[in-house]
Amino acid sequence: MRREHSIDPDYFEALYKEKGDPWAFETSPYEAAKYAETLAALPRPRFGNALEVGCANGVLTAQLGPRCDALLSVDVSPTALASARVRCADQPNVTIEQRRLPGEAPEGAFDLVMLSEVVYYWDSADIVRLAAYLRGAVTSGGYVMLVHWIGETDYPKSGDEAVAELHVALGERVTIVRSDRHDAYRLDLWRLEGAG
């Protein structure tokens with residue numbers, strides 16, 4: 001049964017408190033291969049100011065940090081963020097904050113926004129709010145990277161639905177750079193053109 005509304009932060013905090021690494025980001029060969037594919041798909045070797053939404057315990061964050069002059073990584077779980085801060089402690093260009101998007105979206109202009117395994121946790125209203133934020137926060141010619149599992153979930157959206165709804169909500173600003181399907185996940189890279 002699908003959830004009707006965006007998933008509450010308490011759900012994620014309980015998972016991290018109980019299991020430490022509930023999706024095995026630190027140990028799973030699947031996750032390691034997906035992260036490698038994600039980083040290889042980035043269209044530039046380096047970005048100026050990047051935002052990672054849903055950084056969890058920072059496994060991808062630690063690999064993305066060296067590709068960014070500044071990286072702001074956010075999540076809703078204090079327990080996950082504590083692990084991310086330890087993992088990225090040697091990267092002064094990485095800032096890790098507790099925020100719930102889209103309501104607590106950070107200010108700033110970003111040439112990369114990473115949405116890895118996160119958009120399907122939001123309902124349609126929050127996806128529309130996220131799109132409104134991205135229209136103003138992503139620089140003209142900046143990129144949005146989406147990576148989502150495409151199996152069955154009880155989340156508000158499937159991976160395919162989440163990507164499709166965000167694309168529609170962003171409208172004509174989106175240029176699809178790539179849309180790759182793998183056995184268990186999809187990877188989408190968009191360039192946002194023009195001013196918000």
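Quick notes on this structure:
- Among residues of region 1-20, those that are without any contact (Cβ under 8 Å) to a residue 40 or more places away in the chain and either acidic (Asp, Glu) or within 15 Å of Glu161 (Cβ to Cβ) (or both), counted: 3
- Of all residues in region 77-98, those being exposed (fewer than 15 other Cβ atoms within 10 Å of the Cβ), among the small types (Gly, Ala, Ser) and in contact with a helix residue (DSSP H, G or I) (Cβ under 8 Å, 6 or more places away or on another chain) number 0.
- Residues in region 1-51 that are open to solvent by less than 60 Å² (accessible area, probe 1.4 Å) and assigned to a loop (DSSP other than H, G, I, E, B): Ser6, Ile7, Gly20, Asp21, Pro22, Ala24, Phe25, Ser28, Leu42, Pro43.
- Every residue from region 148-190 that is open to solvent by 70 Å² or more (accessible area, probe 1.4 Å) and among the charged types (D, E, K, R): Glu152, Glu161, Glu172, Arg178, Arg181, Asp183
- Filtered by the rule that a residue be touching a Pro at 6+ places or on another chain (Cβ under 9 Å) and of a type in the set (Asp, Glu), region 76-102 gives a lone residue, Glu97.
- Being surrounded by 15 or more Cβ atoms within 10 Å (Cβ to Cβ) and among the aliphatic types (A, V, I, L, M) is true of Val74.
- Looking across Gly103, Gly108, Gly141, one residue alone is open to solvent by 40 Å² or more (accessible area, probe 1.4 Å) and on the phi > 0 side of the Ramachandran plot. It is Gly108.
- Flag for Asp111 being in contact (Cβ under 8 Å) with a residue 24 or more places away in the chain and farther than 27 Å from Gly151 by Cβ: yes
The values are calculated or read from the model by the stated rules, or taken from the named source; none is laboratory data. Bear in mind the structure is a predicted one, so any value in this text is a computation, not a measurement. Note that each Cβ is placed from the backbone with ideal geometry, even for glycine, and that neighbours are counted across all protein chains shown. Please note that ligands, DNA and RNA were not included when accessible areas were found on the heavy atoms of the full protein model with its side chains. Shrake-Rupley method; radii C 1.70, N 1.55, O 1.52, S 1.80 Å.
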